[in-house]
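I have placed the structure first, in the form of structure tokens, so that the comments after it can refer back to it.
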2 protein chains.
Amino acid sequence: MRLARLFCPLIPLLTVTPVFAQVPDPSTLRQQIRNYREANESQILQELEALLAIPNNAADDINIRRNATHLVAMLESRGIEAQLLEVEGSPPAVYGELRTNGATRTVVFYAHYDGQPVDSSRWASSPWVPILRTAALFDGGTEIPFPRAGERVDPESRIYARSASDDKSPIVAMLVALDALRAAGVAPSINMKFFFEGEEEAGSRHLRAMLTAHRDLLTADAWLFMDGPVHQTRAPMVDFGVRGITGLDLTVFGPTRPLHSGHYGNWAPNPNVVLAHLIASMRDLDGHITIDGYYDDVRPVTPAEYAALAATPPIDGQLRTDFGLAATEAGNAPLLERLMLPALNVGGLQGGLTGPGSANLIGTEASAYIDFRLVPDQTPERVRELVEAHLVKQGIHLVREVPDSQTRSRYPRIARLSWGSGYPALRTPMDAPASRAVVRTVELALGRSIVQLPTSGGSLGIYHFDEILKTPLIFVPIVNHDNNQHGQDENLRLQNLWDGLELIGGLMARLGLEWRDAT
Amino acid sequence: MRLARLFCPLIPLLTVTPVFAQVPDPSTLRQQIRNYREANESQILQELEALLAIPNNAADDINIRRNATHLVAMLESRGIEAQLLEVEGSPPAVYGELRTNGATRTVVFYAHYDGQPVDSSRWASSPWVPILRTAALFDGGTEIPFPRAGERVDPESRIYARSASDDKSPIVAMLVALDALRAAGVAPSINMKFFFEGEEEAGSRHLRAMLTAHRDLLTADAWLFMDGPVHQTRAPMVDFGVRGITGLDLTVFGPTRPLHSGHYGNWAPNPNVVLAHLIASMRDLDGHITIDGYYDDVRPVTPAEYAALAATPPIDGQLRTDFGLAATEAGNAPLLERLMLPALNVGGLQGGLTGPGSANLIGTEASAYIDFRLVPDQTPERVRELVEAHLVKQGIHLVREVPDSQTRSRYPRIARLSWGSGYPALRTPMDAPASRAVVRTVELALGRSIVQLPTSGGSLGIYHFDEILKTPLIFVPIVNHDNNQHGQDENLRLQNLWDGLELIGGLMARLGLEWRDAT
């Protein structure tokens, strides 16, 4: 039922009447964009290939700047006013602006142009020499030439290169969608701004300063983030939030030197055991966090969010099979519901030695790395307070550095805490006018209903946008989920780029109209 | 109070009358042995040095055999009938026998002549080039020449070499004690056998076969083990038992590939968390094992054992200081009492990554290495049953190999168990005639009361002696506790060797008489 609803064109869409004479009905516009693309596949891929060929490791200043100036040229060639935005010490962000006569809404299209570092030795081909393959490598794809002018290419082909998905294709999609609208004589319905960040994969360290310094330029009625992949079913998707995060390195201490477990076991405190008890005290096997007050700040799930979750195609069973899991936590509770809740994950556990090197010793320390995934309205600061209060309640003396001998001789149980930087979660209300307008426009653009997620599971430090610009943030991804982003052999499935053109073209042409209706 | 009692000569000892004319009173005998030693320090150390110079890594067949033939020569030079005992595939054990006219008791003096493997790069001097130093290295000891004939040497000097303490010095002490008795014209009071094992440090793999094959030769009224160190206060010590042990490698499984903790955390089971809960379910922070029925088999502590514990000089405070511990488990309960109880130690803990390499992942597996220290009358087999029943009760499906995909898809929680070989504990009753006779004889020999321990904390696979020979096993150590045995810079404090001569000489001369009285 759900799948049927999801994959069938929505009948009412066919009867929509354009509000302005110059905006064709959705299916006509979709066909116009498709016609343009089919006639220009070679040229579009050429532009993408040229951009992918510029190395974009965020740490590589010179090449990062080459990417940025290349992007400025790409914008300017479309008559978009472009410039580099910088603050002290930052790589440049690329900014472009295109006003539309009569438009009352301004939308920023966001993507980042930097990429994760690469380990070339693990790639099947060079990360910065884009390769076209007949299919995914894991499906036996083999290299084929890029199409020549006028030639078309199988849409299941994939381009392999760093940032093929994350995020250079979305950038090309934005600009080609604009080309397609112009070729069809269709005017945008919104003022458009473009913001291409240059250090997202390096932790966006200058983002806050950048947003603050250029607040006037970057103000808009909504930001659309074209980062990340669509749903695992390949269904188009809009999502409205990300989880926050804060990470903790936790080390507990035992004797100052390893002790023979025969001579001193059952007497000297064992840090592995203390650590195990602490972890067990913080969460149960169903993922419920057993720290006092931990759920007090959690924003309740809204009816709109529940409705969206219920309408999402179920993929849990498939994921369990893929991951070799007989069952998941909390009695196979749905993944999407679980992502709406705070999570405590123990990413690492280390103390003494296991396996062939193991010894009958009481070790000197044991460590865990724990990541806390936050939901609105938790804050990293409050989570840290609650966790520390919990540890103190377990009889732990907290320190920030390796304890000195005086501290050790004074406190029976000592833990060293080292918190990583963190940031809060963000969820744009799904029933806000901007949210409803974007969903409606994307559905019209693609002629089908889409997956709407209140939040993705991942964390992203986009709260700066919220805090400084106070603008609704909405995620409109286009790339395939099986793109190996961040890893070796990152790739883009061409059909996702083609669909992205129709999606973005539709947003440019119609969002202003739908938004007016949604207000 | 306790210390005063311990370190003062026992007044009654001075009035003991020798039973046989040829056995001088204890203080006279002690002085005779001392005189002999003081006149022969150079020669004694020369004999020890020559033995230590033969490499004795248990894996080094050729040198192990060189040690054995050297020992046979040392025995035969004293007129002791000696031979090598072997079974298929075993290194030789060295056996010697010396009968005493009129003696009714036969005692085996045990030591092992093989040593732990060495990492020469960590030694201050070559492990098999014995060095004499003015004091312990950690006290700034510097090298001095071995004494020339007739010269004496500071008894706080130490000899550095592999097996200087563990166990080549005890072997030399046995033979030199006999020399000293003969020089004084004192006859032994017992029949004596000597058994020097050649693969103790390699796990005594052929010991059971050896004892079985040579049962008739090795039968005796008691075995005296001169392995291991005296008490940490340097007080002489006799102990009556060892703990048993069985080790477990435990691995729990998560998804078949690492999953992003943002996208799948709180949904996919986390093996680190499962492992932490399992450990926490098995024992509390006070060392109490919370596995059903775990204490059912535990032999109660006897009044004699309690009395011995109470009479032992307290060292817990000093150990806490040495090890940088503000407190120990179970509210600072005494170490010696803790060693009378079963113990569960987590020697190693490993899952995912901590520290600089940590990542926000749900790992595929997590492992612990656990050693279970056993007391009488626990058996490794029963402990394994109880632990496995406990894990099953926690909802764990147990496997012996890495689970295949069918197993993973069927059972939500899977643990792979790999048990090491194990053996039971052993405690000779402290009130047995042999036990009382040995304690009394050692006290008379040294002219002071001694530490008596119902058990040491360590584990030793000596249950074979008990099971096959059905003989009381008593530990009569002589070497210093701070000898670095098994580690680099193993050493012997000379005063311990000198005291050992008086102790062993006393045992040889008087044990038969005291035993007769104790029966």
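Residue-by-condition table, conditions (1) within 24 Å of residue B:476 (Cα to Cα); (2) in contact (Cβ under 8 Å) with a residue 40 or more places away in the chain; (3) out of contact with any Asp or Glu (no Cβ under 8 Å at 6 or more places or on another chain):
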site: B:89; (1), (2), (3): no, yes, yes
site: B:99; (1), (2), (3): yes, yes, yes
site: B:113; (1), (2), (3): yes, yes, no
site: B:118; (1), (2), (3): no, yes, yes
Close pairs (9 angstrom Cβ cut-off, 6 or more residues apart or separate chains): among the small types (Gly, Ala, Ser) in segment A:372-391, in a loop (DSSP other than H, G, I, E, B) and buried (at least 19 other Cβ atoms within 10 Å of the Cβ) anywhere: A:389/A:291
task: Hey, can you tell me all the residues within segment A:376-400 that are away from chain B (no Cβ under 14 Å) and of a type in the set (Val, Ile, Thr)?
output: A:379, A:383, A:387, A:392
field: Given (1) in contact with a Gly (Cβ under 9 Å, 6 or more places away or on another chain); (2) among the aliphatic types (A, V, I, L, M); (3) surrounded by fewer than 21 Cβ atoms within 10 Å (Cβ to Cβ), number of the condition residue A:398 does not satisfy
entry: (1)
task: Residues that are under 22 Å from the mean Cα position of the chain (by Cα) and more than 8 Å from chain A (Cβ to nearest Cβ): find the helices (runs of 4 or more DSSP H) completely inside segment B:230-347 holding 2 or more of those.
output: B:303-311, B:316-323, B:335-339
Hits in segment B:484-503 (condition: part of a helix (DSSP H, G or I) and farther than 11 Å from residue B:165 by Cβ): B:494, B:495, B:498, B:499, B:501, B:502, B:503
task: Determine if segment A:188-202 includes at least one residue that is without any contact (Cβ under 8 Å) to a residue 40 or more places away in the chain and on the phi < 0 side of the Ramachandran plot.
output: no
statement: For segment A:303-325, pairs from a residue that is within 19 Å of residue A:237 (Cβ to Cβ) to a residue that is surrounded by 19 or more Cβ atoms within 10 Å (Cβ to Cβ) and among the polar types (S, T, N, Q), with Cβ under 6 Å and 6 or more apart or across chains, are A:308/A:452
field: Exclusive hit being among the β-branched types (Val, Ile, Thr), within 30 Å of residue B:407 (Cβ to Cβ) and at pLDDT 95 or above, set B:291, B:190
entry: B:291
- request: May I ask you to list the residues in segment B:155-201 that are among the polar types (S, T, N, Q), surrounded by fewer than 24 Cβ atoms within 10 Å (Cβ to Cβ) and outside any strand (DSSP E or B)?
  value: B:157
statement: Restricting segment B:348-375 to residues that are out of contact with any Gly (no Cβ under 7 Å at 6 or more places or on another chain) and at the interface with chain A (Cβ under 7 Å from one of its Cβ atoms), the one surrounded by the most Cβ atoms within 10 Å (Cβ to Cβ) turns out to be B:350
- line: Picking from A:461, A:506, A:512, the residue that is assigned by TED's automatic domain parsing to the domain that holds residue A:155, part of a loop (DSSP other than H, G, I, E, B) and either under 21 Å from residue A:27 (Cβ atoms) or not basic (Lys, Arg) (or both) would be A:461
statement: (1) more than 30 Å from residue A:112 (Cβ to Cβ); (2) in contact (Cβ under 8 Å) with a residue 40 or more places away in the chain all hold for residue A:267 apart from (2)
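The values are calculated or read from the model by the stated rules, or taken from the named source; none is laboratory data. Being a predicted model, the structure only gives us computed values, none of them experimental. We place every Cβ from the backbone using ideal geometry, glycine too, and count neighbours over all the protein chains shown.
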